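Enquirer: This is the structure, below, for whatever I ask next.
The values are calculated or read from the model by the stated rules, or taken from the named source; none is laboratory data. In this text the structure is predicted, and so the values were computed from the model without any measurement. All Cβ positions, glycine included, derive from the backbone under ideal geometry; neighbour counts span all protein chains shown. Note: accessible area is taken over every heavy atom of the protein model, side chains too, but ligands, DNA and RNA are not part of it. Shrake-Rupley method; radii C 1.70, N 1.55, O 1.52, S 1.80 Å.
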Amino acid sequence: VQPTYRCNCSCLFCGGSIARRQGHINFNEELSDEQWHGIIKECLDIGVRIWWISGGGDPLSRNDLSVSMIRQVKSSSFETFGMLTTNGVGFSEGDIEEIVKIGWDTINFSVDAHTAERHNFLRNTPNAFERAMRAIMLFDKHKKRYNTNKPFIRISAILNNYNFRELSEFVQIAYNHGCQALSMCPLTISEPIKDTVVNNKICITKGHEATIKE
């Protein structure tokens, strides 16, 4: 489920971010909340059990819709498994507590560096790192409060020139914030983002390949 192509970040390596800045996306064509809930109901009626809410943009850019989707999926009469992928910027503490109480299964936080300076630069958004880390810590807090292991918290990072030298520090900050997993994904360079990625020295160059293998 991709509720929206809106996003609360403007990442340097995201083709969608460039498309939004250039006005290539018509947000008025997005499905309404009612239409999305109707689709989810139809899927639940035929027994869909595994759900992944992602983007597009960032699901929490339509916060009320995304949280109500989570609520609807978990109100099913049969067991469902739900995953949410987000940059974490749009969470309120009330949302976090409700998601924990609902028993949502997994949240992937997109975090691309272990320091605020680097992550905020890559996300091209002030305080993106601080807000994501706050959300992760609040999930840990409320999971302890309600004595539950859900949701499973994973940091998903794009491997790039600003983080590959400090992977051990990345693991440590994930651990310190109560995360259960860290995944690293390769940077995919499409034509729309090529100039931005190269000009900002985001991609790992051939000269760094030996360092990675070592």
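Enquirer: Counting other C-beta atoms within 10 Å, and keeping those with at most 13, which DSSP coil trypsin sites (Lys or Arg not before Pro) do you find in region 171-210?
Expert: Details: sites: Lys194, Lys201, Lys206; in loops: Lys201.
Sparse-neighbourhood loop trypsin sites (Lys or Arg not before Pro): Lys201.
Enquirer: When every alpha-carbon pair in region 47-97 is counted, what percent end up more than 19 Å apart? Mind showing how you got there, number by number?
Expert: Details: 320 of 1275 pairs.
For region 47-97, the share of Cα pairs beyond 19 Å comes to 25 percent.
Enquirer: For n ≥ 4 DSSP H runs only, could you compute -39500 (n - 2.57) per run for the chain, divide by its residues and tell me the 222 nm figure to the nearest 500?
Expert: Numbers: 9 runs with 89 residues, N = 214.
The helix-only estimate for the chain comes to -12000 deg cm²/dmol at 222 nm.
Enquirer: Using a 10 Å Cβ count of at most 12 others and DSSP loop calls, identify the longest part of the chain lacking such chymotrypsin sites (Phe, Trp or Tyr not before Pro). Spell out each step's value before the answer.
Expert: Working: sites that count: Phe78, Tyr146.
Between the exposed loop sites, the longest stretch runs 1-77.
Enquirer: Also, quick follow-up: Please give the charge dipole size of the chain, origin at the Cα centre, charges +1 on K and R Cβ atoms and -1 on D and E Cβ atoms. Round to the nearest 20 debye. Don't jump to the answer; show the numbers that get you there.
Expert: Numbers: 24 positive and 24 negative charges, 86 e Å.
In total the dipole reaches around 420 debye.
Enquirer: From the convex hull of the Cα coordinates of region 107-189, what is the mean projected area in square nanometres?
Expert: That works out to 5.2 nm², a quarter of the Cα hull's surface.
Enquirer: Please calculate how many Å² of accessible area the chain carries per residue, with a 1.4 Å probe and no DNA, RNA or ligand atoms counted.
Expert: Values: 11190 Å² over 214 residues.
On a per-residue basis, 52 Å².
Enquirer: Using a cut-off of 20 Å between alpha-carbon atoms, which aspartates and glutamates can reach Lys141, once sequence neighbours fewer than 8 places away in the same chain are excluded?
Expert: Result set, ordered by chain and number: Glu93, Asp95, Glu97, Glu98, Asp105, Glu130.
Enquirer: Could you pull out every Cys in the chain that lacks a partner Cys with its beta carbon under 4.7 Å away?
Expert: When partners are defined as cysteine Cβ atoms under 4.7 Å apart, the chain leaves Cys7, Cys9, Cys43, Cys179, Cys185, Cys203 without one.
Enquirer: Ignoring any ligand, DNA or RNA, what whole percent of the accessible area of region 57-214 comes from carbon and sulfur when the probe is 1.4 angstrom? Intermediate values should be presented prior to the final figure.
Expert: On the way: 3960 of 7880 Å².
Here carbon and sulfur together make up 50 percent of the probe-accessible area.
Enquirer: Have a look at Phe78, Asn149, Asn127 and report the one farthest towards the positive end of the charge dipole of region 40-154, computed about the Cα centre with Cβ charges (Lys/Arg +1, Asp/Glu -1).
Expert: Highest projection toward the positive end goes to Asn149.
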